[in-house]
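One structure is given here, and the rest of the page talks about it.
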Amino acid sequence: MKLSHTLKHAMVTCLVSISFCASADAPVTRQILISNVAVYDGRGDTLKNGLNVLIEGNLIKKIGRGLIADESAVIIDGGGRTLMPGLHDMHTHVSIFREISEARQNMSPLAHGALAAARVEGMLMNGFTTIMDVGGPAAYLRPLIDEGVLVGPRIYSAEALISQTSGHGDFRARNDLHPNIDGGPTNWYERHTSCIADTPGEVTRCARENFRNGATHLKLMTSGGVSSRFDPLHSLQGSPAEVRAAVEAAKNWKTFVSVHAYTDEAVKMSLENGVKYILHAPQVTEETAKLMAKQGAYVNVNLEAVLGLEEELAAQMLSPESFRKWKSLVDAYPVAMRTMVKHKVKLVFGTDLLAPWNKSVAYDDSAARDLLQWVKFVSAADALRGITSRSGEVAQMTGPNNPYPDGPTGVIEQGAYADLLVIDGNPLEDISIMTDPDQNFRIIMKDGIVYKNTL
Ligand SMILES: [Zn+2]
């Protein structure tokens with residue numbers, strides 16, 4: 001049964017207010033007026049005090065002073081608190097758990113799904129109303145969330161990572177046979193998490209298979225990574241022709257390609273062949289940062305995993321080889337950040353959190369901590385743009401594949417999706433309030449539905 005927006009609205013408001021529950025038989029109002037709030041719109045540098053925000057259905061209908069709502073509208077007094085767009089995490093892997101080789105070999109696909117369901121609920125309750133998954137199955141969750149069966153954010157998904165043999169997405173153990181040479185992956189994890197491709201034709205096939213599985217965009221590996229066993233960080237992965245094959249497949253589908261790229265060489269090769277969204281980029285040089293800016297590419301930086309980790313803890317968590325890779329990034333990332341900021345590269349928030357299965361929900365609670373690293377390099381307003389409006393722009397690049405075509409996300413403006421937070425404090429003055437959603441986020445609304453209200 002498809003739940004109407006109105007019915008979903010009724011069910012969820014039941015959770016937050018018994019008085020709405022009692023009148024569940026009556027027609028449910030579709031207007032909510034949040035009065036007396038200081039609005040951070042997702043784009044600017046300041047709050048605008050004393051405003052009302054009128055929500056009708058799942059969209060923002062009007063923002064202003066002294067707004068008149070329908071007689072039946074629900075009125076919420078914001079009490080002068082900050083109202084801002086819901087948060088975006090544009091680098092997630094909701095169905096990938098550490099250690100990847102262990103999860104790949106021994107964890108049931110059903111357990112993957114159950115854990116992912118718990119994770120997405122936690123993400124929304126941490127204020128993240130939109131996520132972009134860039135590797136592993138995630139599109140399967142979208143209808144479950146959009147139909148109101150599960151609680152979670154809006155989901156954009158790349159589905160299986162596209163990786164070369166011995167690349168960052170080749171998760172096989174030493175003795176595993178090759179999925180393409182030896183007759184196709186027999187491992188569920190292999191099939192849905194990673195697609196091994198070594199020619200432009202194979203890249204095209206992986207891309208099309210991903211679109212068939214509900215991908216809104218693509219994800220390719222063009223350099224080595226920290227966590228994987230058989231791909232040195234310095235390796236350039238995928239050829240220019242293979243990147244172009246992915247870009248062409250994406251263009252034909254009217255969407256874009258994102259890449260995992262650590263080294264300057266990999267970032268440059270990706271940009272030169274049409275990639276629009278770069279992930280990581282801790283080693284970019286001035287020349288490449290200029291190219292990023294010139295092409296208008298978006299760049300996701302996930303700083304906390306590198307700069308927020310104590311060396312001792314990293315040594316415990318990582319294998320000796322991965323630790324060596326990690327350490328090489330610690331000095332590089334701040335330099336790359338300063339270079340990208342200098343050239344006004346469009347930086348986008350995303351965490352890339354990969355946790356052991358039994359700690360994954362707890363790890364997600366720390367997602368906003370990346371903002372504490374951001375403000376070492378950019379203003380609080382710019383960090384907030386990175387986690388709201390600029391992330392929303394990346395989501396818009398999915399074009400006609402966008403599962404949420406009725407308005408933008410990441411902004412508080414007329415016609416935008418009613419995805420918003422009402423919070424205690426002013427994040428422009430103290431960004432750290434964003435790291436304690438349980439305490440500070442008083443209202444969490446997605447699609448016009450109130451999921452939390454402690455006012
Ligand atoms: Zn990642």
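The numbers here are math on the coordinates, done by the rules we state, and not lab data. From a predicted model like this one, the values you see are computed outputs, not experimental measurements. When we count neighbours, we look across all protein chains shown, and the Cβ atoms used for this are built from the backbone with ideal geometry, even at glycine.
The table that follows gives values for the structure above.
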item	result
Between 0 and 90°, nearest 10: helix 286-295 axis offset from the chain longest Cα axis	50 degrees
Among the listed pairs Lys359/Lys452; Lys346/Lys376; Lys219/Lys446; Lys61/Lys452, those beyond 19 Å (Cα-Cα)	Lys359/Lys452; Lys219/Lys446; Lys61/Lys452
Helix 200-212 axis, angle to the chain major axis (alpha carbon atoms, nearest 10°)	30 degrees
Local net charge near Met123, Cβ-Cβ under 9 Å (Lys/Arg +1, Asp/Glu -1)	-2
Spin-label pair Leu177/Asn36, simplified geometry with 7 Å Cα→Cβ offset, distance in nm	7.1 nm
Reach of Lys276 by Cα under 12 Å, taken over aspartates and glutamates that are not fewer than 8 positions away in the same chain	Glu393
Alpha-carbon Rg with Dmax, taken over the chain, Å	21.8, 69
Rel. contact order, % - alpha carbon contacts under 8 angstrom, at least six apart, the chain	20 percent
Residue-averaged [θ]222 nm for the chain, counting only DSSP H segments that reach four residues, each worth -39500 (n - 2.57)	-10000 deg cm²/dmol
Exposure proxy ranking, count of Cβ atoms within 10 Å, fewest first, for His343, His168	His343, His168
By average C-beta atoms within 10 angstrom, highest first, the peptides 121-128, 430-437	121-128, 430-437
Point-to-point label distance, Lys294-Asp77, nm (Cα→Cβ direction, 7 Å offset)	5.8 nm
